[in-house]
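The values are calculated or read from the model by the stated rules, or taken from the named source; none is laboratory data. None of these values were measured; they are calculated from a predicted model. Cβ sites come from the backbone with ideal geometry, for glycine too, and all protein chains shown count toward neighbours.
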Amino acid sequence: MAYKYCTATNWGKNFFTHEERKQFHLSGHPGDVWVVGDNLYGDQWIGKVSGAIKTQAEAQAIVTGEIEAAQAAYDALSADEQALQTRPAIYNLP
Amino acid sequence: MANLKTFSGFPIQNLSSDPVPFAQAKINNPYVGSWASGGALNTARNQIGNAGSGATNALGFGGNLPGGEQKLTESYNGTSWTEVADLNVVRRLIDGIGATNTAALAVGGYGGPPGYQDLVEQWDGSSWTEIAETNSVHGTGGSAGTTTSGLVFGGVPSVTPSALTESWNGSSWTEVGDLNDARIHLGSCGTSNTAALGFGGDTPGITANTEQWNGSSWTEVNNLNTARQQLSGAGNSTEALAFGGSEPAGSVKTESWDGSSWSEVNDLSTARWELGGAGLNGTNAIAFGGDSPGGKQNATEEWTAAVFTINPVTTS
């Protein structure tokens, strides 16, 4: 499946609708990065949310940076606190 | 004169009964649906207690921020979250009970010191009041029911996870039959102390195991398709949803329970674990907050099952 990548801030209600979720792939990632199915409906959604188009590499760099920041925050916690939480792990965008 | 086939490219079918795709779709999975975005929590957090009836009515209480446990309570009306009166005692990993945002129980949870607690607070729509304590400490477990008929089970990390189940009748807690598989961080749902589901969790080791409560004992039933912990659930023992969690990677997966088995349905948009969730059936639910690879979440997603409609056409 082909994807497009963009950044957009989730404003809440109707940022994405039930109907849109059935029309194209959509997944949210750290740094307000969205992976969007590359079809007409996906393009319309990017326009609706005023998404800023990114390359896959650019989107991955944003996601990785956000996760590294979250890892640093986790590593700064006490051992007791770390035992109650999960350390974020870096992953690759599709 | 051109006929209709020429214009449209295919003939109109004359059917005397429902077309198969509609009927078959309902038979295959009556709960198929999708997640849409909802109003964001005012305060992003994970390990949040939850209650409510679904996408238009929910309550989130307690939870965790980088600064530690919270006593914040927020109420959802289908559009936005509103901060309401705080818990009396700061806690996270609370076992939340309640079928509406105007009546809920916050059972146990972690607030250090002393750590895990036997404290219970009741929400009446405007404030929290301490009521009868549980017999044992609780937190990170499963829960089901209402403020007059509730159930908490499993949870509480220690040397070994707990299988303990306690039943609430509106005035006191009674120890009842244990889970077959002791565990923490399980998903759960149920609308009374006589019918509930517990699924997934950490035993230790991430499990897909599902158990069903009939009011007196737990029975192992069909497993989740994807083993995970720190997930959330909505519904009852005959129609339910399991969503999110940690596989250990953050999960977007949603599964629907039809009373006998789990089926994968449409994913959440954002992977997260230790999220809140509420709903009384498999067709209307809410997911909110949680932790993610990028940090604490304030996002809300609303689940609504697909609406199947028949549009009859009369021909003569």
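Computed values, structure above
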| read-out | value |
| --- | --- |
| Residues within the stretch A:78-94 that are more than 8 Å from chain B (Cβ to nearest Cβ), at pLDDT below 95 and part of a loop (DSSP other than H, G, I, E, B), tallied | 2 |
| Matching residues, the stretch B:235-262, being closer than 26 Å to residue A:91 by Cα and polar (S, T, N, Q) | B:246, B:251, B:254 |
| Given (1) touching a strand residue (DSSP E or B) at 6+ places or on another chain (Cβ under 6 Å); (2) away from chain A (no Cβ under 14 Å); (3) of a type outside the set (D, E, K, R), number of the condition residue B:103 does not satisfy | (1) |
| In the stretch B:263-279, the residues that are surrounded by 22 or more Cβ atoms within 10 Å (Cβ to Cβ) and either assigned to a loop (DSSP other than H, G, I, E, B) or hydroxyl-bearing (Ser, Thr, Tyr) (or both) | B:268, B:269, B:270, B:271, B:272, B:274, B:275, B:279 |
| Residue ID - nearest to residue B:280 (Cα to Cα), chosen from residues in the stretch B:59-83 that are touching a residue at least 60 places away in the same chain (Cβ under 8 Å) and away from chain A (no Cβ under 14 Å) | B:59 |
| Unique match (being at positive phi and either under 17 Å from the mean Cα position of the chain (by Cα) or more than 10 Å from chain B (Cβ to nearest Cβ) (or both)) among A:28, A:12, A:37 | A:12 |
| Subset of the stretch B:105-116 [part of a strand (DSSP E or B) and buried (at least 21 other Cβ atoms within 10 Å of the Cβ)] | B:105, B:106, B:107, B:110, B:111, B:116 |
| Search result, residues across the stretch B:221-262 that are out of contact with any Cys (no Cβ under 6 Å at 6 or more places or on another chain), of a type in the set (A, V, I, L, M) and not in a loop (DSSP other than H, G, I, E, B) | B:221, B:241, B:242 |
| Count of residues meeting criterion [surrounded by fewer than 18 Cβ atoms within 10 Å (Cβ to Cβ), charged (D, E, K, R) and not in a loop (DSSP other than H, G, I, E, B)] in the stretch A:13-53 | 4 |
| Residue that is surrounded by the most Cβ atoms within 10 Å (Cβ to Cβ), among those in the stretch B:232-254 that are under 19 Å from residue B:290 (Cβ atoms) and of a type in the set (Val, Ile, Thr) | B:254 |
| Which listed residue is in contact with a helix residue (DSSP H, G or I) (Cβ under 8 Å, 6 or more places away or on another chain) and closer than 28 Å to residue A:85 by Cα, from B:294, B:233 | B:294 |
| Test: residue in the stretch B:46-62 that is surrounded by fewer than 24 Cβ atoms within 10 Å (Cβ to Cβ) and at pLDDT below 95 | no |
| Members of the stretch B:259-308 that are at the interface with another protein chain (Cβ under 10 Å from one of its Cβ atoms), among the β-branched types (Val, Ile, Thr) and closer than 29 Å to residue B:213 by Cβ | B:300, B:304 |
| Test result for residue B:254, away from chain A (no Cβ under 14 Å) and modelled with pLDDT of 95 or more | no |
| Matching residues in the stretch B:67-104 - criterion: being over 15 Å from the mean Cα position of the chain (by Cα), closer than 21 Å to residue B:157 by Cα and not in a loop (DSSP other than H, G, I, E, B) | B:68, B:69, B:70, B:91, B:92 |
| Residues of the stretch A:59-77 satisfying the condition of being touching a residue at least 24 places away in the same chain (Cβ under 8 Å) and either at the interface with chain B (Cβ under 10 Å from one of its Cβ atoms) or loosely packed, with under 15 Cβ neighbours inside 10 Å (or both) | A:62, A:63, A:64, A:65, A:66, A:67, A:70 |
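Condition check ((1) crowded, with 21+ Cβ neighbours inside 10 Å; (2) out of contact with any Asp or Glu (no Cβ under 9 Å at 6 or more places or on another chain)) across all residues:
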| position | (1), (2) |
| --- | --- |
| B:179 | yes, no |
| B:186 | yes, no |
| B:189 | yes, yes |
| B:207 | no, no |
| B:230 | yes, no |
| B:256 | yes, no |
| B:260 | no, yes |
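A quick yes/no check of all residues on (1) part of a strand (DSSP E or B); (2) at pLDDT 95 or above; (3) charged (D, E, K, R):
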| position | (1), (2), (3) |
| --- | --- |
| B:135 | no, yes, no |
| B:153 | yes, yes, no |
| B:188 | yes, yes, no |
| B:204 | no, no, no |
